[in-house]
Amino acid sequence: MNYERILVETDDAGIARFTLNRPEKRNALDALTVAELRAALAAAEAGAATRVVLLTGAGKDFCAGADLSELERIAAGQGPIENLQDAGALGALFVAMRRSRLPIVAAVRGHAIAGGAGLATAADLVLAAEDAKFGYPEVHLGFVPAMVMTILRRRVSENRAFELVVGGHRVGAVEAERIGLV
């Protein structure tokens with residue numbers, strides 16, 4: 001299958017590499033990217049040769065979260081039902097990742113922010129480069145990152161998860177490793 005927003009490569013060892021491929025947008029998530037990730041995961045699960053999924057981002061960042069231009073479009077022209085459907089698609093991706101029979105490894109470098117941090121958090125294993133930064137800054141935009149709270153809570157303590165989502169600050173790779181995020 002051909003994708004517009006992600007690159008998918010499977011090697012002879014059974015590693016399916018999914019690369020978010022919007023470096024000019026810091027690999028921001030939009031509806032098409034989310035749909036393509038779900039489709040790629042379903043295809044990888046259907047293939048008997050795939051043993052593991054490696055999720056990464058092209059360019060300097062893993063994923064900067066939601067595409068803000070898409071959020072503006074949604075805010076300007078959609079009602080609550082469309083907003084709910086949009087959020088539901090990302091939530092469905094997180095659920096699909098958690099339920100996958102394949103182990104999913106997120107290889108993070110640069111920023112993994114908001115939905116991008118959620119994407120990493122939904123993986124089974126998170127590897128972080130020294131320059132990796134994780135953050136759940138939705139609170140600064142008036143959002144509650146409720147979808148990621150459940151998956152974040154399974155990685156870090158309840159208190160630390162609360163601090164991360166309410167404070168909206170970013171943590172580097174060393175701190176993320178110390179608290180169990182990576």
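The values are calculated or read from the model by the stated rules, or taken from the named source; none is laboratory data. Since we're looking at a predicted model, the values are computed, not measured. When we count neighbours, we look across all protein chains shown, and the Cβ atoms used for this are built from the backbone with ideal geometry, even at glycine. Accessible surface areas use protein heavy atoms only, side chains included; no ligands, DNA or RNA. Shrake-Rupley method; radii C 1.70, N 1.55, O 1.52, S 1.80 Å.
For the stretch 1-45, what % of the accessible area comes from carbon and sulfur atoms, probe 1.4 Å?
Result for the stretch 1-45: 47 percent of the exposed heavy-atom area is carbon or sulfur.
In deg cm²/dmol, rounded to 500, what helix-only [θ] at 222 nm does the chain give when every DSSP H run of at least 4 residues adds -39500 (n - 2.57) and the total is split over its residues?
About -13000 deg cm²/dmol.
Could you check how many percent of all C-alpha pairs in the chain are farther apart than 24 Å?
33
What helices does the chain hold that run 15 Å or longer along their axis, going by alpha-carbon atoms, with a Kyte-Doolittle average of -1.0 or more, using DSSP H for the helix calls?
31-46, 80-99
What residues qualify as long-range amide H neighbours of LYS133, i.e. H under 5 Å apart, gap of 5 or more or another chain, H built at 1.01 Å from N?
For LYS133, the qualifying residues are GLY110, HIS111, ALA112.
Sort 47-54, 59-66, 22-29, 91-98 for me by packing, meaning the mean count of neighbouring Cβ atoms within 10 Å per residue, highest on top.
Descending mean neighbour count gives 59-66, 22-29, 91-98, 47-54.
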